[in-house]
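I have placed the structure first, in the form of structure tokens, so that the comments after it can refer back to it.
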């Protein structure tokens with residue numbers, strides 16, 4: 001995939017987010033400054049409800065930041081959204097039950113006639129194969145397991161060829177075994193396509209195993225507590241999870257998460 | 001990997017067994033009631049102008065097919081006319097509600113108020129306004145089906161899950177695309193629930209409307225048979241009305257299975 005823009009994949013400058021509630025103001029994000037280079041796999045790691053999903057929604061132009069500025073590939077999030085610069089995977093697969101797996105993957109191409117205006121490099125059928133669902137094209141979501149549904153969601157996020165993949169705890173609702181398997185798949189896809197991934201998770205091991213960098217966030221209001229480079233070689237293998245370097249990273253991240261200062 | 005639908009035929013097969021069993025059970029129930037009814041009538045020697053026995057009803061159905069059919073026809077026209085009109089208007093207004101809050105806040109209370117007026121009281125008014133033909137009967141059948149469909153459709157169109165809305169936003173979908181790809185299909189199970197209620201309600205509306213002023217239709221026949229103490233004919237008329245309602249109900253169910261095949265397997269996952 002040729003990189004067309006030199007700009008960083010994601011740039012966040014002093015991003016803050018507050019919600020007005022009936023009994024005051026809820027501050028969710030404070031002073032988030034972060035640059036994600038193209039091709040990186042960055043995880044946002046933090047306790048549940050800390051605001052990491054909110055940060056992802058700021059990047060995805062679902063929520064406007066109350067403070068600061070966000071940019072995706074040098075453009076505003078709104079522009080990036082209109083250009084389909086990013087694809088999004090949610091915590092739930094959010095598949096439309098009346099469409100087949102292939103139709104669900106192809107949905108973004110139908111919206112705004114995207115498919116007829118842009119030449120997609122990979123068809124829904126190829127993407128289903130890429131995520132390991134060859135032959136399931138005509139299956140309805142209800143006929144697929146939770147893990148398979150999330151694979152369809154990943155394929156759908158990739159169908160309009162985005163440079164950036166935003167993933168909001170995509171495997172949080174899955175059992176541990178399925179989750180491990182999907183981690184493998186995601187790494188394989190990432191190595192193959194070399195897109196930028198921003199991955200929200202509250203699992204330390206998942207963050208270390210997948211990422212080039214892990215951003216540790218504090219409880220609400222979320223600030224960046226530490227950024228840890230994960231200097232483990234790719235391709236990564238499940239066996240690496242038992243290696244001393246791996247456990248050193250998990251210990252370091254756990255310490256950063258628990259740090260009360 | 002193998003084809004995904006391996007488990008499906010087996011499940012369908014079990015469904016079929018279950019539905020055959022269900023039909024058998026409900027027929028048994030009906031036949032038991034009819035037998036009991038016949039027995040009570042014979043044992044207690046109830047005069048036939050007070051109440052008819054099932055066998056007398058069958059005789060009436062066989063003896064007077066013409067009078068039943070000629071009176072069933074206007075009722076069918078009114079029921080279907082009211083059913084279609086009431087539901088179409090309700091669906092259109094519900095779509096308007098979802099896309100325009102001001103419209104919703106103005107019209108919804110009005111719709112609720114109209115609903116609280118007893119249909120028996122509105123009917124004479126509509127007869128005065130619309131004359132003695134099909135129009136007032138269709139209007140009443142439409143009125144009685146309108147409200148459940150409106151309420152269900154508003155719920156259904158709003159039942160879109162938050163993440164699905166975010167997905168459509170990320171895809172920069174227009175309001176029309178959100179409607180076409182998500183809102184409308186999401187609302188279909190709700191719509192069919194409403195249509196099943198409406199199928200029996202619209203017939204009821206048509207019959208009540210005929211009571212107010214009509215010289216044909218099943219409603220008229222019910223009144224005429226009652227005044228003339230032609231009790232078996234009265235019961236036969238009710239049987240015909242009930243059969244019509246069942247037919248419409250069944251038609252809706254068939255359409256639902258065709259248009260909403262995902263209904264049994266859950267919502268947005």
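Here are a few things to note about the model shown:
- Stokes-Einstein D (µm²/s) once Rh is taken as the Kirkwood radius of chain B over alpha-carbon pairs, at 25 °C in 0.890 mPa s: 114
- Hull volume in cubic angstrom per residue (convex hull over the Cα atoms of region B:119-163): 66
- Two-decimal Rg/Rh across region B:24-100, once Rg and the Kirkwood Rh are taken from alpha-carbon atoms: 1.27
- Ranked by the mean number of other Cβ atoms within 10 Å per residue, highest first, peptides B:26-37, B:226-237, B:210-221 order as B:210-221, B:226-237, B:26-37.
- Using the Cβ-Cβ distance between residue B:36 and residue B:251 with R0 set to 25 Å, the FRET efficiency from 1/(1 + (r/R0)^6) comes to roughly 0.25.
- 18 Å cut-off, amide nitrogen to a point 7 angstrom out along residue B:27 Cα→Cβ, residues in region B:36-75: B:36
- For residue B:130 and residue B:239, the FRET efficiency from 1/(1 + (r/R0)^6), where r spans their Cβ atoms and R0 equals 41 Å, is about 0.85.
- In plain terms, if you count all Cα to Cα distances in the protein assembly as shown and split them into 20 Å steps from zero, the share in each step is 18, 38, 25, 15, 4 percent.
- Largest first and in whole Å, the equivalent-ellipsoid semi-axes of chain A read 28, 23, 18, each the square root of five times a Cα gyration tensor eigenvalue.
- The protein assembly as shown - share of DSSP beta bridges that are antiparallel (%, nearest 5): 50
- Modelled spin-label separation between residue A:116 and residue B:20, with each label point placed 7 Å from Cα along the Cα-to-Cβ direction: 4.8 nm.
- Protection-proxy order for peptides B:171-182, A:209-220, B:85-96, each taking the mean of Cβ atoms within 10 Å per residue, highest first: A:209-220, B:85-96, B:171-182
- Per principal axis, descending, Cα span of region A:100-180 in whole Å: 40, 27, 19
- Shape of region A:56-121, Cα gyration tensor, a/c cut at 1.5: oblate
- Projected-area average for region A:107-241 over all orientations - Cα convex hull basis, square nanometres: 9.8
- Cα gyration tensor, region B:90-249 - rounded (a/c under 1.5), prolate or oblate: prolate
- Number of partner chain Cβ atoms within 10 Å, mean per residue of A:162-173: 0
- Once you reduce region A:65-127 and region B:22-71 to the center of their Cα atoms, the two points are 63 Å from each other.
- Inter-chain Cβ neighbour count for A:87-96, averaged per residue, equals 5 (cutoff 10 Å, partner chain atoms only).
- Within 10 Å of the Cβ of each residue in B:162-168, the mean number of Cβ atoms contributed by other protein chains is 6.
- Within chain B, helix-based [θ] at 222 nm, where runs of 4 or more DSSP H residues each add -39,500 (n - 2.57), nearest 500: -27500 deg cm²/dmol
- Pairwise FRET efficiency - residue B:116 versus residue A:14, Cβ, R0 = 60 Å, nearest 0.05: 0.60
A short reminder: the numbers here are calculations on the coordinates, not readings from a lab. Keep in mind that this is a model prediction, so the values were computed, not measured. Because the Cβ atoms are built from the backbone with ideal geometry, glycine has one as well, and the counts that use them run over all protein chains shown.
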